[in-house]
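I have placed the structure first, in the form of structure tokens, so that the comments after it can refer back to it.
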Amino acid sequence: MLTTKNEFFISELEKRMRRPLPGLPAQLRMAPADVSERLHVPERAVPAAVLALLYPHKNRWTVALIRRSSATTPEDRHAGQVAFPGGRMEPHDQDLQCTAVREAEEEVGIAAETLHHLGALSPLYIPVSGYLVHPFLAWTADRPTFRLQQSEVADLLEPGLTDLLQPQSVQHRPMRLVSGVILPAVPCYVWEGQVIWGATAMMLSELLWLVNESLNA
């Protein structure tokens with residue numbers, strides 16, 4: 001059961017989701033490099049979806065993230081990185097929200113019937129994979145019973161939203177791309193030694209923008 005404080009936060013977040021999203025300006029705060037490729041989405045972009053799940057845990061609102069397993073093929077460009085649960089849309093998915101929920105069920109065992117959906121965040125094109133990713137926001141009243149898909153998920157991360165909102169959580173670090181190129185000062189979130197950067201950080205930046213407004217309403 002939610003506390004009064006938690007109910008107030010969800011109520012404010014629901015109201016905020018009914019207003020225009022911050023969109024690209026929020027995402028670009030954590031962009032790793034030149035963003036010109038992201039501004040023009042090609043027709044061949046592959047539709048994909050992720051689930052940003054919020055739930056109360058250890059007396060704070062928490063977001064579920066995963067660390068992907070190490071690469072099994074040379075084509076896996078996101079192996080070992082921190083991400084939201086999600087993946088590409090399949091022909092049997094009714095819509096992209098169904099994709100996000102299905103992938104979350106498969107990857108971390110989240111039960112679809114426990115989800116309270118808040119709506120879609122701003123989509124983000126990822127040039128390196130060719131995916132157009134649609135993030136969906138949901139919450140549960142209690143911490144889910146997670147079950148990790150060992151072939152794809154190495155670990156579960158549960159950062160508190162207020163932790164990620166702390167100024168010291170945003171850092172700039174060098175990052176090595178799959179191509180071997182090293183970007184010298186990439187904006188990222190750092191939580192308990194885990195580095196969250198790239199598309200995940202950009203989507204998380206928009207989420208935290210909304211969370212901050214809701215907490216301060």
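The values are calculated or read from the model by the stated rules, or taken from the named source; none is laboratory data. Every value quoted in this text rests on a predicted model; they were computed, and no experiment measured them. As a convention, Cβ positions derive from the backbone with ideal geometry for all residues, glycine included, and neighbour counts pool all protein chains shown.
Here ILE126 clears all of (1) surrounded by fewer than 19 Cβ atoms within 10 Å (Cβ to Cβ); (2) at pLDDT below 95; (3) in contact with a helix residue (DSSP H, G or I) (Cβ under 6 Å, 6 or more places away or on another chain); (4) not basic (Lys, Arg) except the condition numbered (1).
Checking each residue in segment 43-71 for being surrounded by fewer than 16 Cβ atoms within 10 Å (Cβ to Cβ) and closer than 22 Å to VAL181 by Cβ picks out SER70, ALA71.
Of the residues examined, THR3 is one that is polar (S, T, N, Q) and modelled with pLDDT under 95.
Look at LEU118 and say whether it is surrounded by fewer than 20 Cβ atoms within 10 Å (Cβ to Cβ) and either in contact with a Cys (Cβ under 8 Å, 6 or more places away or on another chain) or at pLDDT below 95 (or both). When the stated conditions are applied, LEU118 does not pass them. Is at least one residue of segment 133-142 surrounded by fewer than 16 Cβ atoms within 10 Å (Cβ to Cβ), in contact (Cβ under 8 Å) with a residue 12 or more places away in the chain and over 15 Å from VAL50 (Cβ atoms)? Yes, segment 133-142 has at least one match. Quick check on THR99: is it over 24 Å from VAL35 (Cβ atoms) and surrounded by fewer than 21 Cβ atoms within 10 Å (Cβ to Cβ)? Criteria not met by THR99. Checking each residue in segment 171-195 for being in contact (Cβ under 8 Å) with a residue 40 or more places away in the chain and either β-branched (Val, Ile, Thr) or surrounded by fewer than 10 Cβ atoms within 10 Å (Cβ to Cβ) (or both) picks out VAL178, VAL186, VAL195.
If the condition is being out of contact with any Ser or Thr (no Cβ under 6 Å at 6 or more places or on another chain) and of a type in the set (Asp, Glu), then segment 79-105 contributes GLU90, ASP95, GLU103, GLU105. If you filter segment 1-17 down to residues that are part of a loop (DSSP other than H, G, I, E, B) and not β-branched (Val, Ile, Thr), you find that the one that is farthest from VAL133 (Cα to Cα) is MET1.
For segment 103-115, residues that are outside any helix (DSSP H, G or I) and either crowded, with 17+ Cβ neighbours inside 10 Å or not small (Gly, Ala, Ser) (or both) total 2.
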